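Everything on this sheet refers to the single structure shown next.
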Amino acid sequence: MISCKYDKKEVLLADREAPLGWIYLKMYDNKSFEFISQGMLRDKEVYQGNYELKNDTIYFTYQDSIPKAGSKAIINRGFVNYLNGSYPESVQIKLNHLSNKK
């Protein structure tokens, strides 16, 4: 059987070390993303959805639940800084091929 599955490409990767674990943000060229929280003492939590980029602001629309980091972030000085969460989350950008082009 031949698969015609579209291989999405990563356009932005960011992460940070968290207490006993890591926080990851993976954004793809098909406007989807994954916000992943995982640790040595807790289960991996994956939040998925779609994003929209307007200038330097990213708007995240989640499929199910919204992580405490929030749904709106700004790209500034090599970091993705979440703006409307219940705590100030920030992840360092490791790869950035994001573009405002349609």
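The values are calculated or read from the model by the stated rules, or taken from the named source; none is laboratory data. The structure displayed is predicted, hence computed values, not measured ones. Ideal geometry is used to build each Cβ from the backbone, glycine not excepted, and the neighbour counts take in all protein chains shown. Protein only, heavy atoms only, side chains kept; ligands, DNA and RNA dropped before computing areas. Shrake-Rupley method; radii C 1.70, N 1.55, O 1.52, S 1.80 Å.
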Of all accessible heavy-atom area on the chain, the percent that carbon and sulfur account for (1.4 Å): 49
Under Karplus coefficients 6.51, -1.76 and 1.60, residue-wise ³J(HN,Hα) of region 56-69 in Hz, glycine/proline x: 9, 10, 10, 10, 9, 10, 8, 6, 10, 8, 9, x, 5, 5
Computed over region 10-96: relative contact order in percent, which uses C-alpha pairs under 8 Å that are six or more apart: 25
For the chain, accessible area per residue (1.4 Å probe, heavy atoms of protein chains only), Å²: 68
Three principal axis lengths of the chain [C-alpha, angstrom, descending]: 42, 36, 25
Within-11-Å neighbourhood charge of LEU95 [Cβ basis; K, R +1; D, E -1]: +1
